[in-house]
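Okay, so here's the structure we're looking at.
The values are calculated or read from the model by the stated rules, or taken from the named source; none is laboratory data. Computed from a predicted model, the values in this text were never measured in an experiment. Note that each Cβ is placed from the backbone with ideal geometry, even for glycine, and that neighbours are counted across all protein chains shown.
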Amino acid sequence: MEVTGPLWASLEWTERATLRNITLGGALVETRMNSGLEASGDVTLRLGEDGLEMHAVVRHLSPDPDALDEGLYLVGLEFLNNSPSERVRLRRLIRTWTDDLLST
């Protein structure tokens, strides 16, 4: 058997990340470097207790200059192709988090 032409594959891993900043357009997360992260353009970010999933693409990746641990990176994500209902849920989640921060 001989295969010619492009071959497609997918890679999935779960990595905990610290959310540093979030807007309706994207997020900045801090995480350990994963060898597949640079090559992977597509990311699914799971947020909140109800597990809201936002589809994103990596736009920026750099070592975290403020980290005490050299293995931490800042990853800039841009949200793409999310449904209107997902955007509404994200807006509510951001509002809740902002209200919680302001009340403490």
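The single residue among Gly51, Gly25 that is modelled with pLDDT of 85 or more, within 21 Å of Leu101 (Cβ to Cβ) and exposed (fewer than 14 other Cβ atoms within 10 Å of the Cβ) turns out to be Gly25. Screening the candidates Pro84, Pro63 for the property of being over 11 Å from the mean Cα position of the chain (by Cα) and more than 16 Å from Ala17 (Cβ to Cβ) yields one hit, Pro84.
Checked across the range 66-82, the condition of being at pLDDT 85 or above, of a type in the set (S, T, N, Q) and not in a strand (DSSP E or B) holds for at least one residue.
Pairing each residue of the range 61-72 that is under 18 Å from Ala27 (Cα atoms) with any residue that is in a loop (DSSP other than H, G, I, E, B) and modelled with pLDDT under 85, provided the two are 6+ apart or on different chains, yields C-beta distances under 6 Å for Leu72/Asp64.
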